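First up is the structure itself, then whatever we jot down about it.
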Amino acid sequence: MKDPMRRLIQALLCGGVLVSGALAIAQDEPATEATTAAPAEDAAAGGGEEAATSESGGEGEEAAASESGDEGEEAAEAPAAPVKAWPSEMAHLASRSLLLGVSNTGKHLVAVGDRGNIVASNDGTNWAQIQVPVRATLTAVEFADENNGWAVGHDAVILHTKDGGKTWQLQNFAPELEKPFLDVLFTDSNKGMVIGAYGLFYVTSDGGASWTELDAPPIREEELHLNAITRLGTGEFFVVGETGMMGVSADGTKWERLTAPYEGSLYGAIPRGDKGAVIFGLRGNVYSTDDVRGGNWTKIDVGTVASFFGGALLPSGDIAMVGLAGEIAVLSPSGKVRNTKVEAMAGVTGSGTLSGAIPWKNGVLAVGELGVSRVGL
C-alpha cells in the first residue's frame with residue numbers, strides 16, 4: 001500500500017499539546033466566532049431487511065418479504081446522509097501537538113496540523129489557536145498576501161482566510177475521495193493550485209470560489225503521490241512526488257514529466273538560481289541542479305541517512321532542510337553542508353520529526369511532531 005508523505009511523517013502518533021499567550025490576531029475577533037460548518041450527523045443505517053421463510057405457510061409458499069405484507073418486495077434502503085465537517089476542538093496545547101505546515105503572512109506566523117489545528121503567533125514564541133470548520137488533519141498552508149491564505153489537508157479539505165488568518169471558511173470538503181491534499185501554491189490572490197495523494201491536482205482562477213480538477217496526464221496518469229510544488233526562478237512550476245516523480249510547467253496547465261536522479265520518494269523542492277532547484281527525500285537523498293530541464297543533477301552528501309520532509313530558502317542563500325528525528329542540514333550556495341539538530345523541549349524525550357520550515361530571524365522556525373521549534377543557524 002502506498003503511503004502519502006510517509007504516512008504523514010509517521011507523526012500522527014503524538015498527542016495534543018499548545019503554548020498559551022495573548023495574540024493580537026486572535027483578539028481582534030474571538031476565535032470561537034469563526035465561521036464553522038455544522039457538526040456531522042451519523043450516516044443513516046440501511047433500512048432493508050431480508051425476508052424470512054415462513055414455517056407455517058402452505059407447501060412451496062414463501063413468506064412475505066417485508067413487514068408491510070407486499071409479497072416478494074424488499075424494503076428499500078434509506079439513502080445515507082451526506083458526511084458533514086466537524087469544527088476543530090480548542091486545545092490548550094495545540095502549538096505543541098503535531099504540526100505539518102507553516103507560513104509567514106508578513107504580519108503573523110500561521111501553522112497547521114493534526115485534527116484541524118491552526119495556531120498563529122506575532123513573535124514565534126506565544127501561539128494561540130484559531131477555530132476552523134474542520135477537524136481533518138491539515139498538511140500545508142500558504143499565503144498569497146498578508147490577508148489571503150489557504151490551508152489544505154485530509155478529506156480533500158481546502159480552507160480560505162481573507163483576514164490574515166483570524167477566520168477560515170471551507171472551500172472544499174470531499175471525504176468520499178479518501179485522498180489528502182499535501183501542498184498548496186498561489187501566485188496571487190486568485191490563481192492557485194493544490195496537489196495531493198494519488199495524483200490529486202485541483203486549480204482555481206477565482207481565489208477558490210470554484211475549483212476544477214486539472215487534466216495533466218504526464219504527472220497524473222500513474223496516480224503517484226504529488227508531495228510538493230514550488231515555483232522556480234523563471235516563474236515555472238515544479239512538482240515532486242513518490243518514486244522519483246518530477247514535473248515542470250511553464251503555465252501550471254501543460255506539464256512535462258522529467259527524469260529524476262533518484263527513484264525513491266521526493267518530499268520537497270527549493271528553487272535555486274534562475275532554472276535550478278534542490279530536491280530532497282527519503283534516506284538523506286538530496287540533489288542539486290542549475291537547470292531542472294537539463295537533467296544534470298549532482299548528489300549532495302548531507303552526512304546523514306535521515307529523510308527530509310521540509311525545507312526553506314534563507315535570506316543568506318542557504319537552504320535548510322528538516323526531517324526525521326529533528327535532523328537539519330544546511331546547504332550553502334557553494335555546496336558546503338553543515339548539520340545540526342533541533343534540541344528537545346524541556347521535559348520532552350527526543351526531538352521529534354520535523355515536517356516544515358520557514359526563515360525566521362537568524363535561523364528557521366520549524367514545525368513537526370512536537371509542535372513549533374525555533375532553531376538558530
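The values are calculated or read from the model by the stated rules, or taken from the named source; none is laboratory data. Note that this is a predicted model, so its numbers are computed, not measured. As a convention, Cβ positions derive from the backbone with ideal geometry for all residues, glycine included, and neighbour counts pool all protein chains shown. Note: accessible area is taken over every heavy atom of the protein model, side chains too, but ligands, DNA and RNA are not part of it. Shrake-Rupley method; radii C 1.70, N 1.55, O 1.52, S 1.80 Å.
Rundown of residues vs (1) open to solvent by less than 10 Å² (accessible area, probe 1.4 Å); (2) over 17 Å from the mean Cα position of the chain (by Cα), yes/no style:
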{"residue": "Ser95", "(1), (2)": "yes, no"}
{"residue": "Leu98", "(1), (2)": "yes, no"}
{"residue": "Gly101", "(1), (2)": "yes, no"}
{"residue": "Ala111", "(1), (2)": "yes, no"}
{"residue": "Arg115", "(1), (2)": "no, no"}
{"residue": "Ile118", "(1), (2)": "yes, no"}
{"residue": "Asn126", "(1), (2)": "no, yes"}
{"residue": "Gln129", "(1), (2)": "no, yes"}
Going by what's in this entry, would Leu226 be described as touching a residue at least 60 places away in the same chain (Cβ under 8 Å) and closer than 21 Å to Gly356 by Cα? no
Which members of the range 147-177 meet the condition of being over 14 Å from the mean Cα position of the chain (by Cα) and charged (D, E, K, R)? Lys162, Asp163, Lys166, Glu176
Please give the number of the condition Asp183 fails out of (1) under 19 Å from the mean Cα position of the chain (by Cα); (2) open to solvent by 50 Å² or more (accessible area, probe 1.4 Å); (3) of a type in the set (Asp, Glu). (2)
Exception for Ser249 within (1) among the hydroxyl-bearing types (Ser, Thr, Tyr); (2) in contact with an Asp or Glu (Cβ under 8 Å, 6 or more places away or on another chain); (3) closer than 27 Å to Thr161 by Cα falls at (3)
Name the single residue, out of those in the range 225-277 being part of a loop (DSSP other than H, G, I, E, B) and among the small types (Gly, Ala, Ser), that is surrounded by the fewest Cβ atoms within 10 Å (Cβ to Cβ). Gly235
Just a yes or no: is a residue in the range 318-337 open to solvent by 60 Å² or more (accessible area, probe 1.4 Å) and within 17 Å of Ala357 (Cα to Cα)? yes
Gly192: closer than 17 Å to Trp255 by Cβ, among the small types (Gly, Ala, Ser) and buried (at least 22 other Cβ atoms within 10 Å of the Cβ), yes or no? yes
Candidate set from the range 290-317 (those that are of a type in the set (A, V, I, L, M, F, W, C) and more than 19 Å from Glu263 (Cα to Cα)); member that is surrounded by the fewest Cβ atoms within 10 Å (Cβ to Cβ): Leu313
